[in-house]
Amino acid sequence: MFGRNRKHDQPRPDENFEPYEEFSGIPMPVYWIAIALAIWGALMLYDTGKDVTLAQDDRVEDRAVQVSADLGEGGNLFVANCSTCHQPDGQGLRGAVPPLAGSEVLGGGPDIVARILLRGIDGPIRVRGEDFDGHMPSFASALNDDEIARIASYVTLTFSEAGTKLDPSRVAKLRDELADAGSFEGGAELAKLATSMSPQPLYPVPKMADAMTATVRDLVFVGRGDVWACASCHGDLGQGGENTPRLAGQSADYLAKQLNDFRDGTRNNESMQIVAAGLSDAETASLGTYFSTLRAPSNASPNLSADLARGEQLALRGDWALGVPACFTCHGSSGFGVAPDFPALSAQHAPYTATQLATWAGGDRQNSPLGLMRQISQALSSEDRRAVADYLASLPPVPAGQTASAEEATSNVN
């Protein structure tokens, strides 16, 4: 039996049999062609991104020359302070920053522009039929009366039919009048002054008083067991200091994510891991909501003696020679953050920002989306990290304005 000819044991193919070629693997030349195409595609995307950045830079420079000829210093002030968000041509950023060109807001003339520059906007606003989440900082401390008057005049004369020149004395009067007003609560409040505006979205802006539950109050100002009081490190209004981050104005979802990352070990910090481990999911979410509602002026400063011009370049335009995109590409116009993954960077303390960049570069922090921050941080030199940290610390905070003082916040403890 075992001696039978196995060749003759095999069944004969039936009449419907069709020969086929067995899988023999993909030839190596095909692999090489695919790899070459992938590399070519990456290079094309890199060059395209670089060309777009260079074109934007040229557009800003060309616009600066043009506006300088048109309206002198007002145009240059606009380019320096406003064009990053609203763009040199006043068209804004779709879905992120409202346009100035053709905006109904400008129907109120330069007076309304001066008011916005002095107060800022914090809340939903509808411009040209599109809704925006308004987060414009106050420029009251950054610009003097003459500079605000020049910008307001330039904006209305260039982008609207209601343009006139505004006298600095009028800005001085408005500054005194609005000293304690805080930021505009979105377009709904603005529309009371600019009747040319269309009906505005009315959904409420969260207020600190609404988020200050008894549990949150105790966690922030008193603490509980191993859960140290948030204010003991981050300050009464979440302003932070030096190597302690500013929390005020960060998005609730981002803050909750960081606490969860500390708790499960995705983000390393011994102190915060102890605190986060003692919080429930509900408490984590409530603390995120509370700090997102805080309105506090910046107490950060560019104190690392770094190159601010280099920092501005990295934040606004990146450095394609290093493969580094602009910070604001992901973190939003003026570094105001894009929830839930990209935090606000504006008014963050320079030592903290530089330390986090170094931590990402060294691999000790790994909780950024797709590992982006590790790649970017490793491409930056220590000088570049300090430069961008110093520049971000010089920016105004978001949300804009101050609607609660430390005294008002701590008074809720008792």
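At a glance:
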quantity	calculated
Integer Hz, Karplus 6.51/-1.76/1.60 couplings in order for region 93-99, x for Gly and Pro	10, 4, x, 10, 10, x, x
Dipole of region 72-203, positive end: most advanced residue of 100, 81, 186 [Cβ charges, Cα centre]	100
Pairwise centroid distance, computed over Cα atoms, of region 208-262 with region 92-116, Å	34 Å
For region 308-393, size of Cβ-based charge dipole, Lys and Arg +1, Asp and Glu -1, in debye	60 debye
³J(HN,Hα), Karplus 6.51/-1.76/1.60, whole Hz, each residue of region 130-144, x for Gly, Pro	10, 8, 10, 8, x, 9, 9, x, 7, 9, 4, 8, 8, 10, 8
Semi-axis lengths, Å, region 134-200, gyration tensor of Cα atoms, sqrt of 5 times eigenvalues	20, 17, 11
Radius 10 Å from Cβ of residue 156, net charge of other residues (Lys, Arg +1; Asp, Glu -1)	-1
Average Cα contact separation per residue, region 72-203, under 8 Å, 6 or more apart, as relative contact order %	30 percent
In Å², nearest 10: area of residue 324 left accessible to a 1.4 Å probe	10 Å²
Residue 224 long-range amide H proximity, modeled H, under 5 Å	229
Solvent-accessible surface (1.4 angstrom probe) belonging to residue 197, in square angstrom, nearest 10	20 Å²
Using θ = phi - 60° and Karplus 6.51 cos²θ - 1.76 cosθ + 1.60, couplings along region 290-307 (whole Hz; Gly, Pro as x)	4, 5, 5, 8, 5, 10, 8, x, 6, 10, 8, 8, x, 10, 9, 6, 9, 7
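The values are calculated or read from the model by the stated rules, or taken from the named source; none is laboratory data. This is a predicted model, so every value here is computed, not measured. With ideal geometry, Cβ positions are generated from the backbone for all residues, glycine too; neighbour counts draw on all protein chains shown. Surface accessibility is based on the protein's heavy atoms, side chains included, excluding ligands, DNA and RNA. Shrake-Rupley method; radii C 1.70, N 1.55, O 1.52, S 1.80 Å.
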